[in-house]
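Chemist: Questions regarding the structure given below will be posed in turn.
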Amino acid sequence: MGRIRHKIHAALGDFRPVSMQLEVTNACNFRCVMCPFHGPEKASDRAVGFMSTDRYRSVLESFRRLGGRFLIPQGAGESFLHPDFQEMLRIAVKTLGLDVGLNTNGSRLNEPMMTEILDLGIREIGFSVDALDSDTFAAITGGDLAPVEHAVETMVAMRDRRKLRYPRIRVLIVEQSANASEIPGYIDRWLPVVDEVIVQSRRINAGRELETPRREQRRPCRHLFDTVFIQWDGDMVICCEDWESVTSIGNVFETPLADLWRSPVMQGYRLAQQQHRWAPPEICRHCEAWAGGRTVETVHSDRIEIAGALTRSFRRK
């Protein structure tokens, strides 16, 4: 019924957010070379900080009142660096009944945290594991591969030992010149372990453009219609690709989230997309991160591959 209601509202022009990407912190302990926020080609001087638990709760309450259901508590940083992150997960799931998906570099996960994730029924967790070889991993991320691999394998083992369906566990690698030769071995290494292996295409120019541009006809980006993006200081921006916070619609701690979501500025951006005008805002003009790209499914002897312009996804048959 929820999806039907959402479609009805959308048909009437009253777009309701289905999901929220909420940045609890933009701090990170890795320095990935392809990251537009923490990497060497840093695209932003936005201040680094942490959202308080009280503010976090208030944002989620506003999100629920708008009809939202799915939370990704992550932005430009590593969320497990937040000292109150486990409490934040409990608030989202136990207090507000949200479904939650996590993305992490895995370096700060320990078994008590994993137990909490399993107890809460977190729906999915994606580990960024950007190389097969430890030296390549260090060159790309500045981090140590061994504890990350251990975190993934431990998370899978703990879930399977309890015979739980969730979380669905995936690993992700951003393909680039430094690790391209490792991709076949990477897939072979992780496919028997996790539920999904995702190979992401590298993007340039603050992460908004593919190195190999899409060939398909551009379509409206769904992010403006069904996902709320809130940064750690409360600024609402139109998309996770806005590292610099240049599209701030306003601050959720000063203006109700519902008013920001339905503001004339946001409605104008949505109308532009519907009319196939790719700007304003200016950061959308050449962006190729718009969602819903065409995919091709190929069934191999031992795996299923679903390939699009942004990602290749591999699952066991």
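The values are calculated or read from the model by the stated rules, or taken from the named source; none is laboratory data. Being a predicted model, the structure only gives us computed values, none of them experimental. Cβ atoms come from the backbone with ideal geometry, glycine included; neighbour counts cover every protein chain shown. Note: accessible area is taken over every heavy atom of the protein model, side chains too, but ligands, DNA and RNA are not part of it. Shrake-Rupley method; radii C 1.70, N 1.55, O 1.52, S 1.80 Å.
Chemist: Tell me, in nm to one decimal, what length is gained between ASN251 and ARG202 on full extension, where the rule is 0.36 nm per residue of separation less the Cα-Cα distance?
Modeler: My answer for the length gained is 14.5 nm.
Chemist: Taking a spot 7 Å from the Cα of THR95 along the direction of its beta carbon, which residues of region 101-129 have an amide N less than 17 Å from it?
Modeler: 120
Chemist: Within region 125-208, list the GluC sites (Glu not before Pro) lying in a DSSP loop whose Cβ has at most 14 other Cβ atoms in a 10 Å radius.
Modeler: Details: sites: GLU149, GLU153, GLU175, GLU182, GLU196; in loops: none.
Within region 125-208, no GluC sites (Glu not before Pro) qualify (loop, at most 14 other Cβ atoms within 10 Å).
Chemist: Per residue, what accessible area does the chain have, given a 1.4 Å probe and all protein chains present, in Å²?
Modeler: Here the per-residue accessible area is 47 Å².
Chemist: Going from most exposed to least, what order do LYS317, LYS163, LYS42 have by accessible area with a 1.4 Å probe?
Modeler: LYS163, LYS317, LYS42
Chemist: Given a 1.4 Å probe and the protein chains all in place, what does the accessible area of TYR269 round to, in Å² to the nearest 10?
Modeler: Number for this one is 40 Å².
Chemist: With every protein chain in place, what's the accessible area of MET114 (1.4 Å probe, Å², nearest 10)?
Modeler: Approximately 0 Å² of MET114 is accessible to the 1.4 Å probe.
Chemist: Sticking with this one: Could you please state how large a percent of the accessible area of the chain is carbon and sulfur, counting protein chains only and using a 1.4 Å probe?
Modeler: In the chain, the share of accessible area belonging to carbon and sulfur is 49 percent.
Chemist: Restricting to the chain, compute how many DSSP beta bridges are antiparallel as a %, nearest 5.
Modeler: The answer is about 45 percent antiparallel.
Chemist: Restricting to region 158-317, what percent of DSSP beta bridges are antiparallel, rounded to 5? If you can, show how the numbers build up before the last one.
Modeler: Numbers: 19 of 25 bridges.
The answer is about 75 percent antiparallel.
Chemist: Summing Lys, Arg as +1 and Asp, Glu as -1, what charge do residues with Cβ under 14 Å from the Cβ of ARG162 carry, ARG162 excluded?
Modeler: Here the count lands on 0.
Chemist: Take THR115, THR212, THR141 and sort them by solvent-accessible surface of the protein heavy atoms, 1.4 Å probe, largest at the top.
Modeler: THR212, THR115, THR141
Chemist: Would you mind classifying region 161-227 by shape? Square roots of the alpha carbon gyration tensor eigenvalues, ordered a ≥ b ≥ c; an a/c under 1.5 is rounded, otherwise it is prolate if a/b is larger than b/c and oblate if not.
Modeler: Values: a/c = 2.93, a/b = 1.33, b/c = 2.21.
Judged from the Cα gyration tensor, region 161-227 comes out oblate (a/c at least 1.5, b/c at or above a/b).
Chemist: How high is the FRET efficiency from THR298 to ASP226, r the C-beta distance, R0 25 Å, rounded to 0.05?
Modeler: Values: r = 29 Å, r/R0 = 1.14.
About 0.30, to the nearest 0.05.
Chemist: At 1.306 mPa s and 10 °C, plugging the Kirkwood radius over alpha-carbon pairs of the chain into Stokes-Einstein gives what diffusion coefficient in µm²/s? Kindly include the intermediate steps, with their values, before the conclusion.
Modeler: Details: Rh = 20.4 Å.
D = 78 µm²/s.
Chemist: Subtracting the Cα-Cα distance from 0.36 nm times the residue separation, let me have the gained length for ASP84 to VAL48 in nm, one decimal.
Modeler: Additional length available on full extension: 11.3 nm.
Chemist: Moving on to the next point. How big is the gap, in Å, between the Cα center of region 39-80 and the Cα center of region 183-222?
Modeler: So the separation of the two Cα centres works out to 23 Å.
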